[in-house]
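S.K.: Take a look at this one; I'll ask things after.
The values are calculated or read from the model by the stated rules, or taken from the named source; none is laboratory data. Nothing here was measured: the structure is a model prediction, and the numbers come from that model. Cβ sites come from the backbone with ideal geometry, for glycine too, and all protein chains shown count toward neighbours. Quick note on the areas: whole protein, heavy atoms, side chains included, nothing else; ligands and nucleic acids left out. Shrake-Rupley method; radii C 1.70, N 1.55, O 1.52, S 1.80 Å.
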Amino acid sequence: MPAIVVIGAGVSGLTCALELSKNKDNVVTVVAKHMPGDYDIEYTSPWAGANVLPMSLKDGNRWEKQSWPELSRLAAEVPEAGIHFQKSRVLRREKDVADPTRNSPLSDGLFLTDPWFATMFPDFRELSSDELPKGKGIHSGCEFTSVCINTMVYLPWLVGQCARRGVVFKRANLSHISEAASLSHTGKPADIIVNASGLLACKLGGVMDSKVYPTRGQVVVVRNEATPGMLCTSGNDDGDDQLVYVMQRAVGGGTILGGTYQKGNWETNPDPNIALKIMRRVVEAMPELTGGKGIEGLDIIRHGVGLRPGREGGVRIEKEKIDGIWVVHNYGHAGWGYQGSYGCAEGVVELVDEIVGGGQVKAKL
Ligand code: FAD
């Protein structure tokens, strides 16, 4: 039975641990500096919205496409997971369509017309011109039913699902990835390490991935209900690193107003000027949020900042031998760690099975 140590208890590590533990042959230990319940700038997952708004282009959509069936199943069948369905509107501004380089988000697959996910969401449709907001420079848009995840409920739920399947959790702050090998609860050295260390992959000894960088996301969490559903626009006039999105979390998690996408920015504190701009942009895009009372009508729960784990060249899902032990990497998910979580975990399981099935581990057992 291969002993597997997963580094990381964010959405990436927990989903990998859960999927690996479904194979009764695997003995899984999760080792993490931060766990669900902690709020720390080094730990991204609790800060996410989080919803499913696909960002990949058709080539490279595997992670997101393979995650949707499980996330939508959880929304439909497992209310205690803290995921619910929400109608979602994606609006493309005239300015961004005329000059796609103007605001970087337009290069996302999300804002394309006729995107690959038009067939993934059963009720996907383009909005007719009379459904578009008037006088706001909106060129076009689409609508579909997606999901929004209450991360405060979902992350502990994942821990519970893992524990039910025998996964053991340990707290540790590793200086070097090889230290994980001695932390399997079996008492024997681990056969395989899964590295889901998120942004800290740039600081973890033995990995020190210099391609990993933070993309700062500032949000405002409010009690107001986003009755029309989720909304996201292709750009705004406040800058290329600013975003406009709204989503209402499941089971009382509040409504997230976003946001920012500030590459290379490690600033941990919410900036009050940015917060004001976020609130103004969102209320302008969705006046129903405050019943026409403007931003004074917002009932703020808290301001927050999370650092998305960006990576030049994209996510790293591959195997590598470090100090004689197989490591399967799964980090660098930027702003799509939840919506790609099950697809990426599937990729990790395949690599682990390759290592085990290829005899590399069996030879040692
Ligand atoms: P993390 O959550 O950071 O977890 C890393 C884990 O590794 C932690 O447990 C940490 O303690 C552990 N670790 C690291 N180094 C060590 C070490 N040396 N020793 C021990 N343990 C270690 N994604 C979506 O899909 N949809 C969204 O709507 C969305 N919205 C977002 C909005 C904001 C504002 C932000 C900030 C992010 C958003 N994201 C969204 C992105 C998503 O949150 C991330 O992609 C995801 O959380 C990354 O998860 P992770 O498990 O890889 O990393």
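S.K.: Here are the criteria: (1) basic (Lys, Arg); (2) closer than 30 Å to residue 285 by Cα; (3) at pLDDT 95 or above; (4) surrounded by fewer than 20 Cβ atoms within 10 Å (Cβ to Cβ). Tell me which single one residue 33 does not satisfy.
M.R.: Of the numbered conditions (1) basic (Lys, Arg); (2) closer than 30 Å to residue 285 by Cα; (3) at pLDDT 95 or above; (4) surrounded by fewer than 20 Cβ atoms within 10 Å (Cβ to Cβ), the odd one out for residue 33 is (2).
S.K.: With the requirement that a residue be open to solvent by 20 Å² or more (accessible area, probe 1.4 Å) and either in contact with a Lys or Arg (Cβ under 9 Å, 6 or more places away or on another chain) or within 6 Å of the ligand (Cβ to nearest atom) (or both), what does segment 37-52 give you? So that I can check it myself, show each step before the final result.
M.R.: Let us first name the residues in segment 37-52 that are open to solvent by 20 Å² or more (accessible area, probe 1.4 Å), namely 37-42, 44, 47-48, 51.
Those that are open to solvent by 20 Å² or more (accessible area, probe 1.4 Å) and either in contact with a Lys or Arg (Cβ under 9 Å, 6 or more places away or on another chain) or within 6 Å of the ligand (Cβ to nearest atom) (or both): 40, 42, 44, 47, 48, 51.
S.K.: Separate question: Could you figure out which of (1) part of a helix (DSSP H, G or I); (2) open to solvent by 50 Å² or more (accessible area, probe 1.4 Å) isn't true of residue 252?
M.R.: Every condition holds for residue 252 apart from (1).
S.K.: Further question on the same structure: Looking at this structure, is residue 268 away from the ligand (no atom under 13 Å from the Cβ), among the hydroxyl-bearing types (Ser, Thr, Tyr), over 30 Å from residue 20 (Cβ atoms) and touching a residue at least 60 places away in the same chain (Cβ under 8 Å)?
M.R.: Numbers: away from the ligand (no atom under 13 Å from the Cβ): no; among the hydroxyl-bearing types (Ser, Thr, Tyr): yes; over 30 Å from residue 20 (Cβ atoms): yes; touching a residue at least 60 places away in the same chain (Cβ under 8 Å): yes.
No; evaluated as a whole, the condition is false for this residue.
S.K.: Exactly one condition in (1) within 11 Å of the ligand (Cβ to nearest atom); (2) among the charged types (D, E, K, R); (3) surrounded by fewer than 22 Cβ atoms within 10 Å (Cβ to Cβ) is false for residue 354; which is it?
M.R.: Status for residue 354: all satisfied but (1).
S.K.: Which condition does residue 80 not pass, out of (1) part of a helix (DSSP H, G or I); (2) open to solvent by 70 Å² or more (accessible area, probe 1.4 Å); (3) in contact with a Pro (Cβ under 9 Å, 6 or more places away or on another chain), if it passes all the others?
M.R.: With respect to (1) part of a helix (DSSP H, G or I); (2) open to solvent by 70 Å² or more (accessible area, probe 1.4 Å); (3) in contact with a Pro (Cβ under 9 Å, 6 or more places away or on another chain), residue 80 is out only on (3).
S.K.: Scanning for something in contact (Cβ under 8 Å) with a residue 24 or more places away in the chain, buried (at least 23 other Cβ atoms within 10 Å of the Cβ) and among the acidic types (Asp, Glu), does segment 205-223 turn up at least one residue?
M.R.: no
S.K.: Give the residue that is surrounded by the fewest Cβ atoms within 10 Å (Cβ to Cβ), with candidates limited to residues of segment 96-120 that are modelled with pLDDT of 90 or more and more than 14 Å from residue 141 (Cβ to Cβ).
M.R.: 119
S.K.: Residue 73 versus (1) without any contact (Cβ under 8 Å) to a residue 24 or more places away in the chain; (2) in contact with a Cys (Cβ under 6 Å, 6 or more places away or on another chain): which is the lone unmet condition?
M.R.: Status for residue 73: all satisfied but (2).
S.K.: Tally the residues that are out of contact with any Leu (no Cβ under 9 Å at 6 or more places or on another chain) and open to solvent by 30 Å² or more (accessible area, probe 1.4 Å), restricting the search to segment 285-299.
M.R.: Residues flagged as out of contact with any Leu (no Cβ under 9 Å at 6 or more places or on another chain) and open to solvent by 30 Å² or more (accessible area, probe 1.4 Å) within segment 285-299 amount to 7.
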